[in-house]
Amino acid sequence: MKHFWLRGEPQVIATAAALGITLLLTLTLVIVVLVNGMGFFWPAGVARAVLKDGTVIAGEITAREMGQPPRLQFKVGNRDLYGQDFRWVDRAEITSLSYPSDLIVLERKEHGNFYGFTKTVSVDGEQAAAGGDPAQRLDAAWEQVAGKSKTASSLDKQVSDLTYQAERIRQQMTRLSHDDRQGNTATIAALKGRLDGTLARIDGLAEQQNGEATELRRATVTVADASGTGKEIPIADIVRIYRPNSMTVWAKTMYYLERLRELLFDEPRESNTEGGLFPAIFGTVMMVLLMTLFSLPFGVIAAVYLREYAQEGFLVRMVRIAVNNLAGVPSIVYGVFGLGFFVYGIGSGMDRLFYPERLPTPTFGTGGILWSSLTLALLTVPVIIVATEESLAAIPKGIREGSLSLGATKFQTLTRLLLPMATPGIMTGMILSMARAAGEVAPLMLVGVVKLAPSLPLDMRFPYFHMDRKFMHLGFHIYDVGFQSPNVEAAKPMVYVTTLLLLAIVIAASSSAIYLRTIMKKRYTTRTF
Amino acid sequence: MASNESPLLDSTILNIRDLNLFYGQAQALSSINLAIPRKKVTAFIGPSGCGKSTLLRCLNRMNDLIDIVRVAGSITLDGEEINSPAMDVINLRRRVGMVFQQSNPFPKSIYENVIFGLRIAGINNKGTLDETVERSLRGAAIWDEVKDRLHESALGLSGGQAQRICIARAIAVNPEVILMDEPCSALDPIATAKIEELIHELKKLFTVVIVTHNMQQAARVSDCTAFLYMGELIEFNETRKIFTNPDNAQTEDYITGRFG
Ligand SMILES: Nc1ncnc2c1ncn2[C@@H]1O[C@H](COP(=O)(O)OP(=O)(O)O)[C@@H](O)[C@H]1O
Ligand SMILES: [Mg+2]
């Protein structure tokens, strides 16, 4: 027995077990997210259930509970009719369960999904003749309306361009009157004329838009839910029509891909619980990139000073300890600091200096992507400093001496040998800091993240980068949709999907960095004797 | 007392006068007086920790890198004071090159290793560089071994090859003096023999100062030998004289292996 301990086997087993448990936990988490996230868009069959008391319901079976009595959870949709999307039914209550092929799902712009059956389609106020298949007519009408609303969205674009112009004119006017009201009277009057013209054009367009919208909304479909309650829905309000019970695998795949496309490239709807996540993806990626832009050079330079130039001594040791311990500061504290220092301190100062005419409306004196990235840069810069210092320290003394003995200056040694050799280590630090920043939510809530941002921080309008804008973020999206939305149950799958996306982004970013690092390592460490 | 003048009647290139060196409070070198002859090989021998490396590193002011070092006394290179604040250290190190105990090739190609000194001096003319690479590698007797893989990493070379690349790197900048601190101590006998042969060639063009703890090596490669003991220069003379008929009893004890 003594022998057994002495041989060191138990210690090896303990280390292996520790690693195994860690892996297992991580894997479980990833698998839960994967299964729930990836399955969400696959169109599930819609069941029609007849209950003992004679009521008929239709919906996707979303959960089964084995308790006493066993229960089924149906996603019955039709929020506008029932007031809620989900319904629990005792297993014993159900007398028959079927999957009728003409059961239809309408994904609507408002009120969530509708589950039911098509009755009649009416276009231009005329009831279509009783003959013919209502399902086919519905598809055709929807197709037609979708085409028309595409042209309507070009009007949207015009209106938003004009609004932007009007906004710029208005800003110019306030600036002029702020500078010197007397001297600029003539110019201001001219601008006023232009502004009025633009506003009039906007009004005209808006009227046209309204007209077209009412026109579109005249095409309606009358549907009935499982129990027969009728409902008239404007076809323009329907995002998507599908009949999951009669879809082939191919059709389901196409549907899945379409939903995926929507997720990645479209705007969110229904207080973020439906539609796409494009602004949040964009915001997260851009914020992390900006953060890296700030923290990487700053951290590397600080580390170089600490390791290569500073006199090793009490002060340097204290600084090093302080830097290491910054990692233990709760991230919300960084948020508070960012709010106080960046937003209220620097931001308000910038507003007074550069945008006095817009006050009291703040420009930089409120949360925005710039302040968010800076706050997170502050949070992650210790990681970069530590990584850089470690990798500089790991470079053999001979390299420095060899370089200096050839007449190189300290700076030349640094730029030509030490920094390139430290790059793989620095990149490790960068990967860690990017992963950390992508997942951080708490500080962002104070310095610029919002539930719904009206526009992206990067667009085609001068000055292209709008550093003052608020932005959306996947991590915050999870919190908001999962725990702050009025319809938490319906949002649950979205939480998984968002988590999956955030994971995917972090994995994509670190894989590319790791790939780069491997190339670098190969360049600097193939040494054989 | 040791002889101060060059034992050979050649011109002196490096002249060390009353050199004292302290690491903090500890004295590592005391009153060293030594004249190193031009285009000869001078060896520093002595037991471990006697100050050979320290003395060598004074000659190109590599001791500047250690904060606690204090130097007093004078070293002249062709009459120019090395320890004077007016001395341009960068320029000094170009004139006095160095090869270290552990070969230290840079993680770059063989080609870039050799021309590193030229690149940092701002020389980027392709013709000059190519020519320097060939001259230096031939000078370091490694041209034939590496001429077909100049653009491969120098980290893939064997220890002996890497050390010769380091020698090539040092002679690429055309120094006057080459300092070698136990250049063979990490090498096998064959590689060592190659380097020793090379040192014979090098002295045609350069002054070589070599530190070694291997007395046979000192006897084989050097023209003059300095014996140091506990930070003092005990004896300095022609190698032949030191190894056959030393003036000092301590020297005799050391080379006959009675201590050290
Ligand atoms: N960086 C240093 N700091 C303090 N003392 C040192 C340092 N380098 C060498 N010494 C001391 O100086 C003396 C001479 O060292 P060194 O020149 O390296 O000896 P050698 O090369 O002859 O073996 C030794 O006693 C050593 O402990
Ligand atoms: Mg030594």
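Observations on the model:
- Annotation for A:V32 and B:A86: the two label points, set 7 Å from Cα along the Cα-Cβ direction, are 7.8 nm apart.
- Highest-first arrangement of A:233-243, A:202-212, where packing means the average Cβ count within 10 Å: A:233-243, A:202-212
- Drop in accessible area of at least 50 Å² in the complex versus isolated chain, residues of region B:100-128, 1.4 Å probe: B:F106, B:P107, B:F116, B:I120
- Note on B:K39: lysines with a C-alpha under 18 Å away, same-chain residues under 8 apart excluded, are B:K203, B:K204.
- Portion, in percent, of the accessible area of chain B that falls on carbon or sulfur, probe 1.4 Å: 49 percent
- Within a Gaussian network of chain B (alpha carbon springs, distance under 10 Å), most fluctuating of B:I142, B:I195, B:I66: B:I66
- Euclidean distance between Cα centres, region A:476-501 to region A:141-198, Å: 36 Å
- Protein accessible surface hidden between A and B, which excludes ligands and nucleic acids, total in Å², probe 1.4 Å: 2200 Å²
- When the helices of the protein assembly as shown are scored as -39500 (n - 2.57) per DSSP H run of n ≥ 4 and the total is divided over every residue, the value at 222 nm lands at -16000 deg cm²/dmol.
- Cα gyration tensor, region A:210-253 - rounded (a/c under 1.5), prolate or oblate: oblate
- The distance linking region B:107-184 with region A:295-350 is 42 Å (Cα centroid to Cα centroid, whole angstrom).
- Value of relative contact order over chain A, rounded to a whole percent, pairs C-alpha under 8 Å and six or more apart: 14 percent
- Probe 1.4 Å, accessible area per residue of region A:278-524, Å²: 46 Å²
- Of the solvent-accessible surface of region A:261-388, computed with a 1.4 Å probe and all protein chains present, 74% belongs to carbon and sulfur.
- For chain B, built as a Gaussian network whose Cα springs stay under 10 Å, the top-fluctuating residue of B:P175, B:P107, B:P47: B:P107
- Label point distance in nm, A:D133-A:S149, each placed 7 Å from Cα along Cα→Cβ: 2.4 nm
- When each of the peptides A:167-173, A:365-371 is scored by the mean number of other C-beta atoms lying within 10 Å of its residues, the order from highest to lowest reads A:365-371, A:167-173.
- Surface analysis of region B:28-78 yields an accessible area of 32 Å² per residue, using protein heavy atoms and a 1.4 Å probe.
- For A:K231, the lysines whose Cα comes closer than 20 Å to its Cα, not counting residues fewer than 8 places off in the same chain, are A:K75, A:K109, A:K119.
- Relative contact order %, chain B, counting alpha carbon pairs below 8 Å whose residues are six or more apart: 28 percent
- Carbon + sulfur, % of accessible area of region A:467-529 - ligands and nucleic acids excluded, 1.4 Å: 68 percent
- The contact residues of region A:405-423, meaning those that lose at least 30 Å² of 1.4 Å-probe accessible area when all protein chains sit together rather than their chain alone, are A:S405, A:L406, A:G407, A:Q412, A:R416, A:L417.
- Alpha-carbon geometry of region A:278-524: the Rg and the Dmax are 20.6, 70 Å, given in that order.
- With a Förster radius of 56 Å applied to the C-beta separation of A:D156 and A:V12, the computed FRET efficiency comes to 0.25.
- Within straight-line reach of A:K397, meaning a Cα separation under 21 Å, sit the following lysines at least 8 residues removed in sequence or on another chain: A:K410, A:K521, A:K522, B:K52, B:K108.
- Sites B:S30 and A:R317, calculated FRET efficiency, Cβ-Cβ separation with R0 35 Å, nearest 0.05: 0.55
- Region B:168-206 residues near the modelled B:H213 label - backbone nitrogen below 16 Å, point 7 Å along Cα→Cβ: B:181-188
- The simple spin-label model puts a point 7 Å past each Cα toward its Cβ; for B:S11 and A:Y464 those points are separated by 6.4 nm.
- Shape category assigned to region A:279-322 from the gyration tensor of Cα positions, a/c cut at 1.5: prolate
- Based on C-alpha pairs under 8 angstrom that are at least 6 apart in sequence, region A:278-524 has a relative contact order of 27 percent.
- Loop-located GluC sites (Glu not before Pro) across region A:89-124 with a Cβ neighbour count of 13 or fewer within 10 Å are A:E110, with loop assigned by DSSP.
- Cβ-Cβ FRET estimate between A:V488 and A:D196, R0 fixed at 56 Å, reported to 0.05: 0.75
- Global form of chain A, assessed from the alpha-carbon gyration tensor, a/c cut-off 1.5: oblate
The values are calculated or read from the model by the stated rules, or taken from the named source; none is laboratory data. All values derive from a computational prediction rather than experimental measurement. No Cβ is skipped: glycine too gets one built from the backbone with ideal geometry, and neighbour counts run over all protein chains shown. All accessible areas refer to the heavy atoms of the entire protein, side chains included, with ligands and DNA or RNA removed. Shrake-Rupley method; radii C 1.70, N 1.55, O 1.52, S 1.80 Å.
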